[in-house]
1. Near CYS90, within a Cβ-to-Cβ distance under 10 Å, what is the net charge of the other residues, with Lys and Arg +1 and Asp and Glu -1?
2. If all Cα-Cα distances of the range 36-189 are sorted into 10 Å bins from 0 onward, what percent lands in each bin, rounded to whole numbers?
3. Just the number please: accessible area per residue for the chain, 1.4 Å probe, all protein chains included, in Å².
4. Ignoring ligands, DNA and RNA, what percent of the accessible area of the chain is carbon or sulfur (1.4 Å)?
5. Where in the chain are the DSSP H helices whose alpha-carbon span along the long axis reaches 27 Å or more and whose Kyte-Doolittle mean is at least -1.0?
6. Just to be sure I understand the model, the point goes 7 Å from the Cα along the line to the Cβ. What's the resulting GLN117 to PHE144 distance in nm?
7. Stokes-Einstein diffusion coefficient for the range 119-164 at 37 °C in a medium of 0.692 mPa s, Rh from the Kirkwood formula over Cα pairs: what value in µm²/s?
8. Mean residue ellipticity at 222 nm from the helices of the chain, using -39,500 (n - 2.57) per DSSP H segment of n ≥ 4 over the full residue count, to the nearest 500 deg cm²/dmol?
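The values are calculated or read from the model by the stated rules, or taken from the named source; none is laboratory data. In this text, all values refer to a predicted model and were calculated from it rather than measured experimentally. Because the Cβ atoms are built from the backbone with ideal geometry, glycine has one as well, and the counts that use them run over all protein chains shown. Note: accessible area is taken over every heavy atom of the protein model, side chains too, but ligands, DNA and RNA are not part of it. Shrake-Rupley method; radii C 1.70, N 1.55, O 1.52, S 1.80 Å.
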Amino acid sequence: EHVAVKIVKADDAYLAQAAGEARLTAFLNRRDPSDAHAVLRLRARFVERGHQCLVLELLSVSLYDLLRSTDFAGVKLRLARKFGAQILACLAFLARPDVGVVHADLKPENVLLRHAQRSAIKVVDFGSASRLADATYAYVQSRFYRAPEVILGRPYGHPADVWSAGVLAVELADGAPPHLGLPPLRAMY
């Protein structure tokens, strides 16, 4: 079987984050045994020379790479809708009461195509994710996809992921995050 291996730097902070990512991804995989909710599959994990190694299913390019291949002109609206529907279905799964996980870093780099010539996707990189009850990180979400409550330092939850999904949807259709045409809000960043 061909797999991807994510090798995490042998540094205490990175190792703790990788261990949390592995635990959370394994939890999500147990909650989705039929692989129906577009969540990355963790196959195994091991430590090599102090580096945490996560063995993951092998996927194709990210949505960022797809946008780059269009020279950031965006994709056809029909394709953007297909991607958006799958992302929202994944977020609905994460928001279920028996799951209760906030991804907290949804962006084109963290959504990968399952296969190069198909429109099925997987949401990856649960390194910033947490259980809803534990969603207390001060720094979450990449700048372009950051929800208002996160910018303001307020408690966040599933709506923050939905905000990021909305920004991502506009970016897929337009080729760039929607705020790039606006004056910078330096006070917020």
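1. -1
2. 10, 38, 35, 15, 1
3. 55 Å²
4. The value for the chain is 57 percent carbon and sulfur by accessible area.
5. 12-31
6. Simple spin-label model gives 2.9 nm for this pair.
7. 288 µm²/s
8. -11500 deg cm²/dmol
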